[in-house]
């Protein structure tokens, strides 16, 4: 059994680290240690979506796997991450293994993806969180490239990421907010006018957000959905507020894009952006800013946005960002020129496109409206369907969930205790009260392992303190 599993597994590090999908869970032996996260790191779907797994899950997986590779008791064993043949579990498990290569070993996204590039059957692509047919496929590689770009820009720093803060504020009952671009853009769900919503659930009002925003140096709020609260409830507390409404589920017009970029570029501090759920319209406009200012590729940004704020960017908004990439890259390049030469005809045409909106563009944007989409997404997030819906047990390919109280993925310290004290809302959830994550001390100069082609696992002691 052991020989068959290892021979069928994908080798990520020679004689040391493997990944495979199996029909039945193998048992660890004297020569191999097997582990599975299928029922421990579980995506909470809005509708038919199933991933990618969130940033906190990526971070926890990397910490857990680094711990196994540093464990003296496993030093002479092959480490094998196995998963079921359920297509969704299989894709998420493979994504995590590749993410480890990128986050901990510092490999480029393309190189991290290489071991599974030609795996058969192909991996099921990720889809958006709408309830309709999905015509846009997001791949594991797209998500890896998004994670890679975010690390280059220090939006995600493995040594400073505050996982408790990220998970706390990402919950609906704690404000449902995430930094997408740390220190610049925080995405959050639209505030309610009352502390109890129409369905009887506790809700965040503008006054609930104010102290959090002030602590995070956020002084501008941009609302993209219909008015559901009086904007003066932010303004009276010293925050600026701007309305840029466009239809739920639709793409922004050139006029909206131009105004959003001008307003946020003129704002020296951070900006909090919301629509109804803080996912579709919000992620789309932040994505345009990221493409213009950071040359962040559209597909990679969709991947990053869904990792840091699951469910973001929906329906036609996905292809819209792809179509807008060239224009945003050009606009960003023009902005970064030290001395602006006289505009060419092409540049004048581009500027005019960004400053005007034709009736045709308006009608096209309205044509894609999905009225009520934001409300459905909020309800889905408030009432997650949990693991059974994700696992699709009808095909009998998922492993049964572990017993309550059993260690997750064989690590008793895998899920740290969440205290009752509210964590600090530092930019990007990157820092604790002292400016660093106490669990993750600074990374030392990496040691090189020619056989593995990257950082040795001995040097991981400087990345993860277990």
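The values are calculated or read from the model by the stated rules, or taken from the named source; none is laboratory data. Keep in mind it's a predicted model, so treat the numbers as computed, not measured. We place every Cβ from the backbone using ideal geometry, glycine too, and count neighbours over all the protein chains shown.
Listed values, structure above:
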item: Residues located in segment 224-235, provided they are over 26 Å from the mean Cα position of the chain (by Cα) and buried (at least 22 other Cβ atoms within 10 Å of the Cβ); result: 234
item: Of all residues in segment 99-120 being over 16 Å from residue 156 (Cα atoms) and in contact with a helix residue (DSSP H, G or I) (Cβ under 7 Å, 6 or more places away or on another chain), the one that is surrounded by the most Cβ atoms within 10 Å (Cβ to Cβ); result: 112
item: Evaluation of residue 193 against (1) touching a strand residue (DSSP E or B) at 6+ places or on another chain (Cβ under 9 Å); (2) in the same structural domain as residue 271 (by TED's automatic domain parsing) (one fails), failing number; result: (1)
item: Residue 221 vs. criteria crowded, with 20+ Cβ neighbours inside 10 Å, at pLDDT 95 or above and assigned to a strand (DSSP E or B); result: yes
item: Single residue of 283, 238, 249, 287 found to be surrounded by 17 or more Cβ atoms within 10 Å (Cβ to Cβ) and assigned to a loop (DSSP other than H, G, I, E, B); result: 249
item: From the options 166, 156, residue that is in contact (Cβ under 8 Å) with a residue 60 or more places away in the chain and in contact with a strand residue (DSSP E or B) (Cβ under 8 Å, 6 or more places away or on another chain); result: 166
item: Residue in segment 341-350 that is assigned by TED's automatic domain parsing to the domain that holds residue 276, at pLDDT below 85 and surrounded by 14 or more Cβ atoms within 10 Å (Cβ to Cβ) present; result: yes
item: For residue 191: the one exception among (1) farther than 24 Å from residue 45 by Cβ; (2) free of Cβ contacts under 8 Å to residues at least 40 places away in the same chain; result: (2)
item: Flag for residue 202 being in the same structural domain as residue 291 (by TED's automatic domain parsing), within 23 Å of residue 376 (Cβ to Cβ) and at pLDDT below 95; result: yes
item: Single unsatisfied condition, residue 300 versus (1) within 19 Å of the chain's Cα centre (by Cα); (2) surrounded by fewer than 17 Cβ atoms within 10 Å (Cβ to Cβ); result: (2)
item: Breaking point among (1) in contact (Cβ under 8 Å) with a residue 60 or more places away in the chain; (2) surrounded by fewer than 18 Cβ atoms within 10 Å (Cβ to Cβ); (3) in contact with a strand residue (DSSP E or B) (Cβ under 6 Å, 6 or more places away or on another chain), for residue 40; result: (2)
item: Cross-chain or 6+ apart pairs with Cβ under 9 Å, segment 127-142 first and assigned by TED's automatic domain parsing to the domain that holds residue 317, then modelled with pLDDT of 95 or more and in a loop (DSSP other than H, G, I, E, B); result: none
item: Condition check for residue 94: assigned to a helix (DSSP H, G or I) and in contact with a strand residue (DSSP E or B) (Cβ under 7 Å, 6 or more places away or on another chain); result: yes
